[in-house]
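Visitor: Please read through the structure below; I'll follow up with questions.
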Amino acid sequence: MSPGERAGEQVEGGAAERAGEGAGERAGERTNAYDATCARCGGPVPAGTGLLRHGPKSWEVYHPAHAPTPGPPPRGDHPGWHRRPLLSLDIGATGNRPAVDRIHSAALYGSDGTARDWRADPGADALSPAALDDLADHAAAPLAAGELLVVWFAPHVLSTLHAELVRHGLAPLTERLTTGVAPICDPLVLDRHADRYRPGGRSLRAVADWYGVPLDHPGDPAADATAALLLAQEVAARHPPLARFSRPALHAEQILWYADQTSRHPDAPDWPFTPVEPKP
């Protein structure tokens, strides 16, 4: 299981699970456990005969003939940060422990189609100091210009990168940027906020499937970085309230949303990262 899949499990559940408590099954779909009213026609729906759909605030009950087909909202043509230049970062690491595990590969993908990647030298289990320094320079560039850096499950990626840079005596992002490691855009946080009650997993693969974003080689940093950037654009295009935030405001809001999403997990890392000290 990749770090992204673990991240999806970590913030999954909660309100959506509670809302569906007691629900039954009908041809593989959730049904209403109690008598209800159809959200479309207003008619009565006896217990066990309707279908549940996640609404904007809670589960909704429908007659089977009236139930909408599950899927994301349609794309809009509204303006927003998703139409600005974006750069996405992902890493391949030996595990999910930022203080201990090593980065063996990394990739950056830009909304203009540019891409860069880094791989460990043959026979090595981690990126060289020179590669890490180059990676950090390129990752810091959009942030220094005030543009968004897209990072799926930022606490894992950015905390691991911080530890690796410090381990080699290199300047971490906190020292390369005078205004802080911001603005960050984390599609996992955005999706959980925009579609809180959607059932199912929140791994990168699951969310990519929901929005129709291709992910041919999950776990490969280049593929994951590309999917994360496309997801950021899709989430904002399909949820106009998210697109209206300025870049600094989007970063600030994600801190609050993530805190709410992980409130049941007191050991969850900080968002967007924790400046952990590396261990041997």
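Visitor: Under unit Cβ charges (Lys, Arg +1; Asp, Glu -1), what dipole magnitude, rounded to 20 debye, does segment 23-66 have relative to its Cα centre?
Guide: Once rounded to the nearest 20, the dipole reads 120 debye.
Visitor: Sticking with this structure for a sec: Take each of the peptides 96-102, 85-91, average the number of other beta-carbon atoms within 10 Å over its residues, and list them starting from the highest.
Guide: Answer by packing, highest mean first, reads 85-91, 96-102.
Visitor: Could you tell me, in Å, what Rg and Dmax come out for the Cα atoms of segment 23-66?
Guide: 9.2, 25
Visitor: Please build a GNM for the chain, connecting alpha carbons under 10 Å apart, and tell me which residue among Asp195, Asp121, Asp270 fluctuates the most.
Guide: Asp121
Visitor: Tell me the mean residue ellipticity at 222 nm calculated for the chain from its helices only (DSSP H runs of n ≥ 4, each -39500 (n - 2.57), averaged over every residue, nearest 500).
Guide: -10500 deg cm²/dmol
Visitor: Obtain the nm distance between the two label points defined at Ala124 and Arg40 by a simple spin-label model: each point lies 7 Å from its Cα along the Cα-to-C-beta direction.
Guide: About 5.8 nm, to one decimal.
Visitor: Which residue, Trp81, Trp152, Trp59, has the most motion in a Gaussian network model of the chain that connects Cα atoms within less than 10 Å?
Guide: Of Trp81, Trp152, Trp59, the most mobile in the Gaussian network model is Trp59.
Visitor: Taking the convex hull of the alpha carbon atoms in the chain, what volume per residue do you get, in Å³?
Guide: Per residue, the Cα convex hull of the chain comes to 136 Å³.
Visitor: Anyone know which of Ala67, Ala144, Ala268 comes out most mobile in the 10 Å Cα GNM of the chain?
Guide: In the Gaussian network model the winner is Ala67.
Visitor: Of Thr94, Thr31, how do they rank once you tally other Cβ atoms within 10 Å and put the fewest first?
Guide: Thr94, Thr31
Visitor: A further question on this structure: Per-residue HN-Hα couplings for segment 244-252, Karplus 6.51 cos²θ - 1.76 cosθ + 1.60 at θ = phi - 60°, whole Hz, x for Gly and Pro?
Guide: Result, rounded to whole Hz: 6, 5, 5, 4, x, 5, 4, 4, 5.
Visitor: Mind running the shape call on segment 153-280? Use the C-alpha gyration tensor, a ≥ b ≥ c as the square roots of the eigenvalues: rounded below 1.5 for a/c, prolate if a/b tops b/c, oblate otherwise.
Guide: prolate
Visitor: Restrict the search to segment 146-227; then list the trypsin sites (Lys or Arg not before Pro) that DSSP places in a loop and that have at most 12 other Cβ atoms within 10 Å of their Cβ.
Guide: Of the trypsin sites (Lys or Arg not before Pro), not one in the loops of segment 146-227 has a Cβ with at most 12 other Cβ atoms within 10 Å.
Visitor: Where does each of Tyr34, Tyr211, Tyr109, Tyr258 land when they are ranked from fewest to most other beta-carbon atoms within 10 angstrom?
Guide: Tyr34, Tyr211, Tyr258, Tyr109
Read-outs: derived from the displayed coordinates by stated rules, not from any lab. Bear in mind that the values here come from a model prediction, so they are computed numbers and not experimental data. Note that each Cβ is placed from the backbone with ideal geometry, even for glycine, and that neighbours are counted across all protein chains shown.
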